[in-house]
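See below for the structure under consideration.
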Amino acid sequence: MKVSIIGAGRTRNGIGEYIGKYFHRHGGKVISVLGTTERTSLQACSALRKYGIEAHPYTNFDEMVRAERLDVVVIASPSSTHYQYLLKSIDSGLHIFCEKPFIWDDRTNIQKTAEEIFNKAREKKLTIAMNSQWPFAIKDYEKICGKVRIKNGDTFSIKMAPPFPGREMISESVPHALSLLYCLLGDGEIEDLNFGSGGEREMDIRFIYRFGAKACDVFIRLAYQETHPRDFSFGLNDRIVSRSLNLENYEIYFNYGDKKLRIVDPLESSVKHFMEAVVKKKKPFIGTRHIFHNLSLLKKIDDGFGEFEKRSLWKE
């Protein structure tokens, strides 16, 4: 499996470098990197060498595709560029592993745009998955907190520390919360959406997640944080796990009360599952239906915050 990474640099806190590491670890051949400039492409290739990866730098997608016999493209560039690279990759017959949010730009009908992409991919029998890694840690959550048993009136809480302040925190981090809700509770809708804002650096999002005949109260806290490791915790009711990291060897742990559990990096699991889906020609875990659901609710939350901002400015 020959792989190219679009956006392997760390300029905007991207994780393309780590995605490349895990493709390499599981037998993929990361043979090229696409950057916006020659300098960023060379820097990304240099960063990948510590994992034993020797990739060729490019700044032009078409040139890269002509020169390399690729099977898979990883789209880890800024979300505003995803749409163009998704279409280019499909036209080139490449399987796609795309960072969240799947697409995010000024298009008014984002669902129609996503449908266009998947229809094109289906015609060419291409596999598309979105990287939203935390659902792959649900089994570890259950190991430390106990088996999840969903009932009406549950509460779900998640706290994240996005690397960007302001409204961008929503598109950067909320897809994680929506993916966890989808995998824990199933397909659902948002009701009674409310916001609280502590300026550009903090935001609270509350809503009811209604799935079938049941409902769950959801609380999302976003707090801009520049330093690593970033704060992260989530859970149902009073069973909240926090994530901690050993930055020297990048070991990841879940903490709950006096318990501590080392877990496999969910990003690694996300990459591995995608690779298996491509090889075995099966539907990826974070596939079409999940992506549609994630995008739909993300847009509803982002639009809702836009209205909240307008009301706040009007009051001032």
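The values are calculated or read from the model by the stated rules, or taken from the named source; none is laboratory data. Only a predicted model underlies this, so the values are computations on that prediction, with no experimental measurement involved. Note that we place each Cβ from the backbone using ideal geometry, even for glycine, and neighbour counts take in every protein chain shown. Side chains are part of the model used for accessible areas, which takes the heavy atoms of the whole protein and leaves out ligands, DNA and RNA. Shrake-Rupley method; radii C 1.70, N 1.55, O 1.52, S 1.80 Å.
Structure notes:
- First in region 158-179 and more than 23 Å from Tyr141 (Cα to Cα), second anywhere and open to solvent by less than 10 Å² (accessible area, probe 1.4 Å) and among the hydroxyl-bearing types (Ser, Thr, Tyr), Cβ under 7 Å, 6 or more apart: none
- Checking each residue in region 252-264 for being open to solvent by 20 Å² or more (accessible area, probe 1.4 Å) and not β-branched (Val, Ile, Thr) picks out Tyr253, Asn255, Tyr256, Gly257, Asp258, Lys259, Lys260, Leu261, Arg262.
- Residues in region 169-198 that are more than 11 Å from the chain's Cα centre (by Cα), closer than 22 Å to Lys310 by Cβ and either of a type in the set (A, V, I, L, M, F, W, C) or not in a strand (DSSP E or B) (or both): Met169, Ile170, Ile190, Leu193, Phe195, Gly198.
- Tabulated pairs, region 110-121, first closer than 12 Å to Leu86 by Cα, second among the polar types (S, T, N, Q), C-beta under 6 angstrom, 6+ apart or interchain: Phe118/Thr288
- Answer residue from region 102-141, given it is in a loop (DSSP other than H, G, I, E, B) and among the aliphatic types (A, V, I, L, M) and is nearest to the chain's Cα centre (by Cα) among those: Ile103
- Scanning region 274-303 for residues that are surrounded by fewer than 17 Cβ atoms within 10 Å (Cβ to Cβ) and of a type outside the set (Ser, Thr, Tyr) turns up Glu276, Val279, Lys280, Lys281, Lys282, Lys283, Arg289, Lys300, Asp303.
- Count of region 209-251 residues which are open to solvent by less than 40 Å² (accessible area, probe 1.4 Å), in contact with a helix residue (DSSP H, G or I) (Cβ under 8 Å, 6 or more places away or on another chain) and either among the aliphatic types (A, V, I, L, M) or more than 18 Å from Ser157 (Cβ to Cβ) (or both): 5
- Here Phe164 meets each of (1) in a loop (DSSP other than H, G, I, E, B); (2) under 23 Å from Gly188 (Cβ atoms); (3) of a type in the set (Phe, Trp, Tyr) with one exception, condition (2).
- Selection from region 16-51 of residues that are over 14 Å from Met275 (Cβ atoms) and open to solvent by 40 Å² or more (accessible area, probe 1.4 Å): Tyr18, Thr36, Thr37, Glu38, Arg39, Leu42, Gln43, Ser46, Arg49, Lys50, Tyr51
- Qualifying residue in region 68-89 (condition: closer than 26 Å to Lys280 by Cβ, open to solvent by less than 70 Å² (accessible area, probe 1.4 Å) and among the acidic types (Asp, Glu)): yes
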